[in-house]
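Presented below is the structure to which this report refers.
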Amino acid sequence: MHTVAVLSLKGGVGKTTVALGIASAALRRGTRALVADLDPQGNATTSLDPPFTDATLADVLETPARAILERAIAPSVWSEQIDVLVGAEELEQLNEPGSDGRRLENLSRALDELHQDPLGEDPYELVVIDCPPSLGRLTKSALVAADTALIVTEPTMYAVAGAQRALEAIERIRQEQNPTLRPLGVLVNKLRVRSYEHQFRITELRENFGSLVMPTAIPDRLAVQQAQGACSPIHEWHSPGAQEIALTFNMVLAKILRSSRAGRHRVHGTDEAAESPAEVSGNAG
């Protein structure tokens with residue numbers, strides 16, 4: 001079971017769109033997945049539209065017991081292949097910037113429980129954590145629990161600074177609490193191909209982060225909002241824009257699965273070789 005944290009330290013960049021896009025690609029591929037909605041806004045939960053649960057991820061973070069975990073997980077409206085660890089507004093109360101190490105590890109404990117003793121006959125192959133847009137306790141909990149972290153950004157003047165801060169946070173958690181954590185990459189969202197400013201910022205990102213910048217960006221398309229509003233996977237939204245975006249998410253999922261190898265309990269020294277730099281072009285996908 002591989003766990004990827006999807007994060008951004010700035011709101012409004014489409015982080016939840018990316019988390020849901022990865023889940024959609026997993027569904028298309030037949031990869032059983034769990035989406036953990038760690039963002040107090042709960043947008044991933046809304047789009048996945050699970051039935052009511054009498055516990056949420058907030059309860060799991062307070063008490064990562066098996067019984068509570070089972071009550072906080074529900075199937076999504078998409079498919080029984082995609083489950084939801086349900087988010088709630090109460091998560092905001094747990095996002096204070098404290099440094100309680102034990103509480104930071106509660107999400108990791110819960111996911112380890114699912115890894116060691118799956119809920120059903122088909123264990124999860126992938127866990128996607130949708131983090132809040134800040135570096136409080138919730139995002140730190142996700143990084144402690146994750147194998148890899150995917151940074152989402154927009155091609156704006158703040159992109160480089162935000163990505164740098166996120167990479168520094170990943171490195172800090174790796175050094176202090178999760179030695180197997182690795183950055184998966186920097187994914188550019190809401191790209192307008194004909195915008196000189198956007199192309200300039202992508203070039204700037206590549207100059208600063210090299211091959212960490214994903215080789216394709218996600219174009220700015222109305223299909224994303226349409227699919228989410230209809231509680232539909234982007235891969236099942238039949239429009240040219242949706243299919244263009246779906247191809248990008250297929251590539252992101254493929255990179256995640258290539259990096260998974262031994263899952264949550266990797267042996268040190270098994271990291272894959274660094275990939276050669278790939279150019280971000282104006283044609284996403």
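The values are calculated or read from the model by the stated rules, or taken from the named source; none is laboratory data. Because the structure is predicted, anything quoted here is derived from the model rather than measured. Please note: Cβ atoms are built from the backbone with ideal geometry, for glycine as well, and neighbour counts cover all protein chains shown. Quick note on the areas: whole protein, heavy atoms, side chains included, nothing else; ligands and nucleic acids left out. Shrake-Rupley method; radii C 1.70, N 1.55, O 1.52, S 1.80 Å.
Observations on the model:
- Within segment 47-57, tally of residues that are open to solvent by 60 Å² or more (accessible area, probe 1.4 Å) and without any contact (Cβ under 8 Å) to a residue 60 or more places away in the chain: 3
- Residue check, residue 167 without any contact (Cβ under 8 Å) to a residue 60 or more places away in the chain and touching a strand residue (DSSP E or B) at 6+ places or on another chain (Cβ under 8 Å): yes
- Top-ranked residue in segment 74-94 [being surrounded by 14 or more Cβ atoms within 10 Å (Cβ to Cβ) and of a type in the set (Asp, Glu); ranked as farthest from residue 141 (Cα to Cα)]: 83
- Inside segment 58-73, residues that are crowded, with 19+ Cβ neighbours inside 10 Å and touching a residue at least 40 places away in the same chain (Cβ under 8 Å) make up a count of 5.
- Wholly within segment 126-233, helices (runs of 4 or more DSSP H) carrying at least 2 residues that are modelled with pLDDT under 90 and open to solvent by 10 Å² or more (accessible area, probe 1.4 Å): 159-176, 196-209, 222-229
- If you filter segment 104-125 down to residues that are of a type in the set (Gly, Ala, Ser) and touching a helix residue (DSSP H, G or I) at 6+ places or on another chain (Cβ under 6 Å), you find that the one that is surrounded by the fewest Cβ atoms within 10 Å (Cβ to Cβ) is 108.
- Given (1) closer than 25 Å to residue 188 by Cβ; (2) open to solvent by 10 Å² or more (accessible area, probe 1.4 Å), index of the condition residue 38 fails: (2)
- Each residue in segment 156-183 was checked for being of a type outside the set (Gly, Ala, Ser) and within 13 Å of residue 8 (Cα to Cα), and 8 pass.
- Residues of segment 170-220 that are of a type in the set (S, T, N, Q), touching a residue at least 12 places away in the same chain (Cβ under 8 Å) and under 24 Å from residue 259 (Cα atoms): 177, 178, 180, 189, 208, 211, 216.
- A residue that is within 20 Å of residue 45 (Cα to Cα) and out of contact with any helix residue (DSSP H, G or I) (no Cβ under 9 Å at 6 or more places or on another chain) occurs somewhere in segment 134-148.
- Breaking point among (1) more than 30 Å from residue 202 (Cα to Cα); (2) without any contact (Cβ under 8 Å) to a residue 60 or more places away in the chain; (3) of a type in the set (A, V, I, L, M), for residue 157: (1)
- Filtering segment 7-18 to residues that are open to solvent by less than 10 Å² (accessible area, probe 1.4 Å) and within 9 Å of the chain's Cα centre (by Cα) leaves 7, 18.
- Flag for residue 21 being surrounded by fewer than 24 Cβ atoms within 10 Å (Cβ to Cβ) and of a type outside the set (Ser, Thr, Tyr): no
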